[in-house]
Each structure stands twice: as structure tokens, then as C-alpha cells.
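Structure, as C-alpha cells:
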Amino acid sequence: QVQLVESGGGLVQAGGSLRLSCVASASIWRFNTMGWYRQAPGKQRELVVLITSGGTTNYADSVKGRFAVSRDNAKKTIYLQMNSLKPGDTAVYYCNANGSPGNYWGQGTQVTVSS
């Protein structure tokens, strides 16, 4: 069993920045993909970005050019740098890890962007 713990969420004004972190309880190199998803009230969970073990990334169109994902295998952590935040980015952000060990989710961290 692998635990994922997100942190870094909070309340920010439109145009501001936040950096989310997701720390895994086990090595992340075993996971083919890791990523960030988000779920706004009344909406389905949606993909924000995926990053593969090789570093390939896949961003949702809505965040391209504003968000940047990175991973540090040594620290068992992935990050999501979020810039130029908009009220539409308000959601609970979840970390995901998927690979041979299984498919795991974190508990989520709330991001609220005020106008």
C-alpha cells in the first residue's frame, strides 16, 4: 500500500501562484505515470497534468502555459507549480500514482482562487 499526501493548497487571489506537493510513502520510480487531477463542486474529477517516469508531460488545455509539473524521484515527490491562477481553477486537487504497484490517490488539497 502506498500513501500519497498532498500539501500546498490554500486561498489566493486571481493572478497569484501556489505550489502543490505530493509526497509518496514509497519510491515513485515504479509508477509509470503520476499526475494531478482536480474536482470542482458539482463537477467530475478532471485531469490537470500527467507526468511519466521518463518525464513526458500531458497538460489539460485549460492549464497549458500556466501550470508546470515536476518530479523528484529522490524525494518521492511530485510538484505542481500553478501561476496566473483564475477563479475557474478553484477545486480540490488530487495526486495520483499509477503503475505496477497499483493505482493510488491522495486525500486532496483545496485550492480556492478569489476574484
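The values are calculated or read from the model by the stated rules, or taken from the named source; none is laboratory data. Bear in mind the structure is a predicted one, so any value in this text is a computation, not a measurement. Cβ: placed from backbone, ideal geometry, glycine included. Neighbour counts: every protein chain shown. Ligands, DNA and RNA are excluded from the accessible area calculation, which covers all protein heavy atoms including side chains. Shrake-Rupley method; radii C 1.70, N 1.55, O 1.52, S 1.80 Å.
State the number of lysine pairs found in the stretch 25-112 whose Cα atoms come within less than 28 Å, restricting to pairs 8 or more positions apart or on distinct chains.
Close lysine pairs found across the stretch 25-112: 5.
Sticking with the crude label model, points 7 Å out along Cα→Cβ, report the distance from S100 to L47 in nm, one decimal please.
So the label points at S100 and L47 sit 2.3 nm apart.
Place a point 7 Å from Cα of S62 in the direction of its Cβ. Which residues in the stretch 68-88 have their backbone N less than 18 Å from it?
Only 68-69, 80-88 pass the distance filter.
Give, as a single signed number, the net charge of other residues whose beta carbon lies under 14 Å from the beta carbon of K86, with Lys and Arg counted +1 and Asp and Glu -1.
So the surrounding residues net to +1.
Short version: ³J(HN,Hα) in whole Hz for each residue of the stretch 30-40, in order, from phi by Karplus 6.51 cos²θ - 1.76 cosθ + 1.60 (θ = phi - 60°), x for Gly and Pro, what are they?
Residue by residue, the stretch 30-40 yields 6, 8, 4, 9, 10, x, 10, 10, 9, 9, 8 Hz.
Add +1 for every Lys or Arg and -1 for every Asp or Glu among the other residues with Cβ under 11 Å from the Cβ of T57, and state the total.
+2
Quick one: length gained pulling T112 to Q39 fully straight, 0.36 nm per residue minus the C-alpha distance?
Length gained, T112 through Q39: 25.1 nm.
Mind giving me the nanometre distance, one decimal, between the label points for S27 and K86, set 7 Å out from Cα along Cα→Cβ?
So the label points at S27 and K86 sit 4.1 nm apart.
How much net charge surrounds G10 when only other residues with a Cβ under 13 Å from its Cβ are counted (Lys, Arg +1; Asp, Glu -1)?
Here the count lands on -1.
Using a 10 angstrom Cβ neighbour count of at most 13 plus a DSSP loop assignment to flag exposed trypsin sites (Lys or Arg not before Pro), which longest range of the chain is free of such sites?
65-115
Let's see if you can work this out: charge +1 on each Lys and Arg Cβ, -1 on each Asp and Glu Cβ, no other charges. What is the dipole magnitude of the chain about its Cα centre, in debye to the nearest 20?
Dipole of the chain, to the nearest 20 debye: 80 debye.
Express the accessible area of the chain per residue in Å², computed with a 1.4 Å probe while the remaining protein chains stay in the model.
For the chain, the per-residue accessible area is 50 Å².
How big is the gap, in Å, between the Cα center of the stretch 56-101 and the Cα center of the stretch 1-51?
6
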